[in-house]
Amino acid sequence: MAATLPAALRLSVILWVCAFPAIVAEASCEDREDSCEDWAEAGECTKNSEFMRKSCALSCEVCKGTDQQEEDVVDERLGPERVHLQTSFGEITIGFFPSVAPVTSAHILWLFQHGCYDTNHIFRVDKGFVAQLQAVIGGRQAKLNKVQKDRARQNVPDEFSDIKHERGILSMGKFSEPNTGTSSFSMVLGPAKWLDRKYTVFGRVVRGFDVLTKLEQVETKREGIFVMPKERITILSTYITTSGAPSDLVSQPLPSPSVAAEMNMDSKLQESTLRESKLEEEAKNTAVALVECTNQQSALRTLCVLAVLMAIAWAVFFSSQTVFRRKHDKGEENL
């Protein structure tokens, strides 16, 4: 026993020494190849995961586990509000630049505060360029009330600045004419200097860059000038948090009593419409069940009628046979 112990220890040491470089390589959070970033952008982190995990750990973000959470981007231009967009690919957190684009920032924040982007979708994913949210009018699956619609269709003025369009920047969508932005905006996925001072920069992605990377890996199709995902990328829900710092965003006046009453009426109308739809569906199901039941009852009644007719026919037949037999018997008696 004493002789085998040193041998076992030596074997353990040898195994540990051999395995240590591999363990270090696996745990290393750095890129070992010059082309790692390009490979990662090409989707090799998923296609060739074993090699990329060892050689391009930084670009593939393999070190971001549960014990290493992503840190929020620090930008002194950001206001305190944080909007969290929940998707099936994960959560994206954005912030606003109230000192750079006060009107646009306040407008988009108001739409988020009133749930306008819930059930909307990211209709455009152009890898290395933009992931763009659809305008809420026409993009949402849920119905907007009148107050939401009126605000969502308002045009906001262009607010150009010297901020460059780079990965993570929020850029207001619009038509070719000036001051035509409403509610569609893009999360920039890569440098796009041709957009500088032509589209309003009003904020940036603060957290969730791994989700942007996942979005860039979805299957897409081209429709005209747009590169669009083949499957709908729905914004399941949104919520807002604040850092506690004072906000430079333009304060929004509370709706007047008439507008508030109208919002309440719209809400009640939606609830009533939903109840009516459910009742209508239940009525349809009941009608179908009644028709089936009636059909079954009709079949039973038909069988009953046929049975009665058969019984009558047999009764008539036996009755006629009885009369004939009696007449025949009387004839024999007369003979």
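The values are calculated or read from the model by the stated rules, or taken from the named source; none is laboratory data. The model shown is predicted, which means the values in this text are computed figures rather than measured ones. As a convention, Cβ positions derive from the backbone with ideal geometry for all residues, glycine included, and neighbour counts pool all protein chains shown.
Restricting to region 27-81, and then to whatever is polar (S, T, N, Q) and part of a helix (DSSP H, G or I), can you tell me which residue is modelled with the highest pLDDT?
55
Quick one: which of 203, 208 is crowded, with 20+ Cβ neighbours inside 10 Å and within 18 Å of the chain's Cα centre (by Cα)?
Result: 208 is the single residue among 203, 208 that is crowded, with 20+ Cβ neighbours inside 10 Å and within 18 Å of the chain's Cα centre (by Cα).
Which residues, counting only those in region 151-201, are of a type in the set (A, V, I, L, M), in a strand (DSSP E or B) and over 19 Å from residue 216 (Cβ atoms)?
Matches in region 151-201: 156, 172, 201.
Scan region 165-179 and tell me whether some residue there is aromatic (Phe, Trp, Tyr) and within 14 Å of residue 97 (Cβ to Cβ).
So far as region 165-179 goes, no, none of its residues is aromatic (Phe, Trp, Tyr) and within 14 Å of residue 97 (Cβ to Cβ).
Working carefully through the options 88, 105, 161, find the one that is hydroxyl-bearing (Ser, Thr, Tyr) and under 17 Å from residue 214 (Cβ atoms).
Sole residue among the options that is hydroxyl-bearing (Ser, Thr, Tyr) and under 17 Å from residue 214 (Cβ atoms): 88.
When you scan region 200-239, how many residues do you find that are within 29 Å of residue 179 (Cα to Cα) and without any contact (Cβ under 8 Å) to a residue 12 or more places away in the chain?
4
List the pairs whose first member sits in region 121-137 and is without any contact (Cβ under 8 Å) to a residue 60 or more places away in the chain and closer than 11 Å to residue 186 by Cα, whose second member is of a type in the set (Val, Ile, Thr) and in a strand (DSSP E or B), and whose Cβ atoms are under 9 Å apart, counting only residues at least 6 apart or on separate chains?
The qualifying pairs are 132/122; 132/125; 134/122.
Please go through region 121-150 and pick out each residue that is closer than 20 Å to residue 221 by Cβ and within 12 Å of the chain's Cα centre (by Cα).
Answer for region 121-150, where residues must be closer than 20 Å to residue 221 by Cβ and within 12 Å of the chain's Cα centre (by Cα): 121, 122, 123, 133, 139.
Scan region 208-239 residue by residue and report those that are in contact with a Gly (Cβ under 9 Å, 6 or more places away or on another chain) and of a type outside the set (A, V, I, L, M, F, W, C).
Correct list: 208, 210, 214, 216, 217, 237, 238.
Tally up the residues in region 125-180 that are within 24 Å of residue 77 (Cα to Cα), touching a Phe, Trp or Tyr at 6+ places or on another chain (Cβ under 9 Å) and charged (D, E, K, R), please.
Going through region 125-180 one residue at a time, the tally reaches 4.
If only one of 112, 129, 97 is surrounded by fewer than 19 Cβ atoms within 10 Å (Cβ to Cβ), at pLDDT 95 or above and not aliphatic (A, V, I, L, M), which one is it?
None of the others qualify; the one that does is 129.
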